[in-house]
Amino acid sequence: MSGAGGSLDTTLGFDEALERAVAAAEPARSWLVPLLAAEGPEAERLRRAADELRTRTMGDEVHLRALIELSNYCRRNCMYCGLRLDHTGVRRYRLTPGEVLALAHQAEDLGYRTVVLQSGEDLYYETEVMAGMLRSIKAETDLAITLSLGERSDVTYAAWREAGADRYLLRIETTDPALFAAMHPDGDLERRMRCLGQLKALGYQLGTGVLVGLPGQTVVSTADDVIWMHELGAEMIGVGPFITHPDTPLAGANGGTLDQALNLLATLRLVFPHAHLPATTALGALDPQGGEKGLEAGANVLMPNLTPETQREAYLLYPGKPIVDVTSATCRDRITERVRAMGRTVATDHGHVRR
Ligand code: SAM
Ligand code: SF4
């Protein structure tokens, strides 16, 4: 974000903006922008306010969602992503349905209550292949299932919901039409918005989110993202700093910063008191304490990695991804220990969205 570019009617001072947020005012640029642009002691106050609200609305429990990165094949060419189709230097892999089912059992054995099945946009997992996998996981475990498989047809989304998927994560990435087009040469902002509307209509617990610090992004455009996600009725929101990948067309760009991401996370908590907000892996890639900082700025979810160790380094969206070289059990132990060290507890329920 490069400061408060774009047109603004009236921007409030920080104190008044924070008051509006705490009073749960209708989200508006006039108070979102000063929060998103906060620095120094004001940024600290913003994060404290978000942390206090999170304690009141969501409690001290942290929900762990075990991430299974199914496949790193992708048909798309998002400019920022290391898995983009044109990045030929990636060793591509796919997990079989049998492997995914075994991982789901492992997730349950490790005490997790949710698995997140994520991949590039890989049409290999046809509607029925995926639906079969979902039915098996539901029949053999008591796990909640979140999907993060990109844009698919309405028919496919309906079949997967029918087969047992509880939640879907599809980040809008940015609602700025020019920036979206520049970042997604094969994308279409309206199509992505339609996908999210369809997922909501099908009754999925709805997750979306944005990247922070994309080239040319401003705090005004991020404020508009927040307003749009509010209108959508997002129930889970993942925000991550854009991290530069050297083998993408954005190799020379500056990435987003931890402060930008934490300001957005804290602002989101104030706008969405009951949403599930992860301290995303990308925060941990910028700072070894990024997870803790996210949890202290309004977040209540962490996503430990359950992908087989042999494949993790091939699912490299950006460099510096943490915990690629420890076993899934060690990953679980470390995350649990970090949560406890903060005086918080690991949730034992499914952590469904409260409606
Ligand atoms: N392919 C699916 C999709 O795009 O929705 C799911 C997997 S995709 C790898 C998950 C998220 O990774 C994207 O929504 C994007 O925001 C994030 N991502 C990709 N490249 C990134 C980068 N260089 N820095 C930070 N986040 C990145
Ligand atoms: Fe593919 Fe998702 Fe990466 Fe875009 S962000 S290239 S859709 S994996």
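Every number in this text was worked out from the coordinates using simple rules, so none of it is lab data. Remember, predicted model here, so these are calculated numbers, not experimental data. No Cβ is skipped: glycine too gets one built from the backbone with ideal geometry, and neighbour counts run over all protein chains shown.
By the Cβ distance rule of under 4.7 Å, the chain has these cysteines without a partner: C74, C195, C331.
A simple rule links phi to the HN-Hα coupling: the Karplus curve 6.51 cos²θ - 1.76 cosθ + 1.60 with θ = phi - 60°, which for region 43-58 gives 4, 4, 5, 4, 5, 5, 4, 5, 5, 5, 5, 4, 4, 6, 8, 10 Hz, with x for Gly and Pro. Of the residues F242, I172, N72, the one whose Cα sits farthest toward the positive end of the charge dipole of the chain, with +1 on the Cβ of Lys and Arg and -1 on the Cβ of Asp and Glu, is N72. Relative to the longest principal axis of the Cα atoms of the chain, helix 219-232 runs at roughly 60 degrees.
Calculated mean residue ellipticity at 222 nm for the chain: -12500 deg cm²/dmol, from DSSP H runs with n ≥ 4 weighted as -39500 (n - 2.57), summed, divided by the residue count and rounded to 500. If R0 is taken as 51 Å, the Cβ-Cβ distance between A178 and T310 corresponds to a FRET efficiency of 0.80.
Averaging the Cα positions of each part gives two centres, and for region 234-308 and region 104-120 these lie 20 Å apart.
Cross-link partners of K138 among aspartates and glutamates, defined as those whose alpha carbon lies under 20 angstrom from its own and excluding same-chain residues fewer than eight positions apart: E69, E99, E108, D109, E126, E128, E162, D166, D349. Computed over region 197-352, relative contact order equals 18 percent, with contacts defined as Cα pairs under 8 Å that lie 6+ residues apart.
Note on the chain: with a GNM built from Cα contacts shorter than 10 Å, the maximum mean-square fluctuation among A279, A163, A66 falls on A163. Of the residues A23, I137, G40, the one whose Cα sits farthest toward the positive end of the charge dipole of region 1-149, with +1 on the Cβ of Lys and Arg and -1 on the Cβ of Asp and Glu, is I137. Most tightly packed first, judged by the mean number of other beta-carbon atoms within 10 Å of their residues, the peptides 89-96, 264-271 read 264-271, 89-96.
For the chain, averaging the sequence separation of C-alpha pairs within contact (under 8 Å, six or more residues apart) and dividing by the residue count gives a relative contact order of 25 percent. Compute the relative contact order of region 122-205 as a whole-number percentage, counting only Cα pairs closer than 8 Å that sit 6 or more residues apart in sequence. Over region 122-205, the number comes to 31 percent. With everything on Cα atoms, drop me the angle between helix 328-341 and the longest principal axis of the chain, reported from 0 to 90° to the nearest 10. Helix 328-341 sits roughly 30 degrees off the main axis of the chain. Distances between placed amide hydrogens fall under 5 Å for A144 paired with T114, V115, all partners being 5 or more residues away or on another chain. The length gained on full extension between D60 and L85, counted as 0.36 nm times the residue separation minus their Cα-Cα distance, comes to 4.9 nm. What angle, in degrees between 0 and 90 and rounded to the nearest 10, separates the Cα long axis of helix 97-109 from the longest principal axis of the Cα atoms of the chain? The angle comes out near 60 degrees.
Across region 20-156, Cα-Cα pairs more than 28 Å apart make up 45 percent of the total. Per-peptide packing, taken as the mean over residues of other Cβ atoms within 10 Å, places 218-225, 193-200 in the sequence 218-225, 193-200 from highest down. Simple point charges give the picture: +1 on the Cβ of Lys and Arg, -1 on the Cβ of Asp and Glu, and for region 29-343 a dipole about the Cα centre of about 140 debye.
Each residue of the chain gets 122 Å³ once the volume of the Cα convex hull is shared out per residue.
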